[in-house]
């Protein structure tokens, strides 16, 4: 059974701080890694994707991938109250099926 | 900006009834997907669809489920005989191309409640 594991949280950070979200996955054949943000009652919204080992930066967001450790992370710099949401890690192998983690709830305190 | 749309936003049905959930993918996208999310649980892949065929399905997608692209714009999910445990949010998604690296864009979802 292919699994994606995340700490459910909640992770609470003060406004302006760095939020660090982590994810591990079980399938070594996984090829693509995604971070989605989901507000309560809404659909997942893609924040970033990463395919290669290392870091990928997009504005305040940095995704980090370590395939040897089967580990993906998302850093959010200068966290804002509007960043408060559930962050979903998602992993895809060679096909079409995307496997989601249960998500980490993030609270950014003003 | 083009987006995936879904109708209805909410659907209440009696156990054993058939429901059809509708989706209009982004117009130039060729790959379509259905996911579900039971309240408080993970988003779960149901099925992917390309060129009028199912390309991949999960173990959840059993004989009570079917998908169809009845015309050039709509993509539907039919649940033949609903069960209480089918109550969930159903998300449609689409992507321009297939493969592990493509970006899937999600619709707003249909909240299905089976009584």
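Data table
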| read-out | value |
| --- | --- |
| Count - residues of region B:15-29 that are more than 12 Å from residue B:90 (Cβ to Cβ) and in contact with a strand residue (DSSP E or B) (Cβ under 6 Å, 6 or more places away or on another chain) | 5 |
| Sole exception among (1) modelled with pLDDT under 95; (2) buried (at least 17 other Cβ atoms within 10 Å of the Cβ); (3) within 11 Å of another protein chain (Cβ to nearest Cβ); (4) more than 19 Å from residue A:35 (Cα to Cα) for residue B:100, by number | (4) |
| Residue count for region A:31-65, restricted to those that are surrounded by fewer than 20 Cβ atoms within 10 Å (Cβ to Cβ), in contact (Cβ under 8 Å) with a residue 12 or more places away in the chain, within 14 Å of chain B (Cβ to nearest Cβ) and not in a strand (DSSP E or B) | 5 |
| Residue B:81, sole failed condition from (1) away from every other protein chain (no Cβ under 14 Å); (2) within 20 Å of residue A:40 (Cβ to Cβ); (3) part of a loop (DSSP other than H, G, I, E, B) | (2) |
| Residue A:21 vs. criteria modelled with pLDDT of 95 or more, closer than 20 Å to residue B:102 by Cα, in a strand (DSSP E or B) and under 13 Å from the mean Cα position of the chain (by Cα) | no |
| Residue match in region A:74-84 (condition: within 13 Å of chain B (Cβ to nearest Cβ) and farther than 22 Å from residue B:97 by Cα) | no |
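The values are calculated or read from the model by the stated rules, or taken from the named source; none is laboratory data. Remember, it's a predicted structure, so these values are computed and weren't measured experimentally. Positions of Cβ are backbone-derived with ideal geometry, glycine not excepted, and every protein chain shown enters the neighbour counts.
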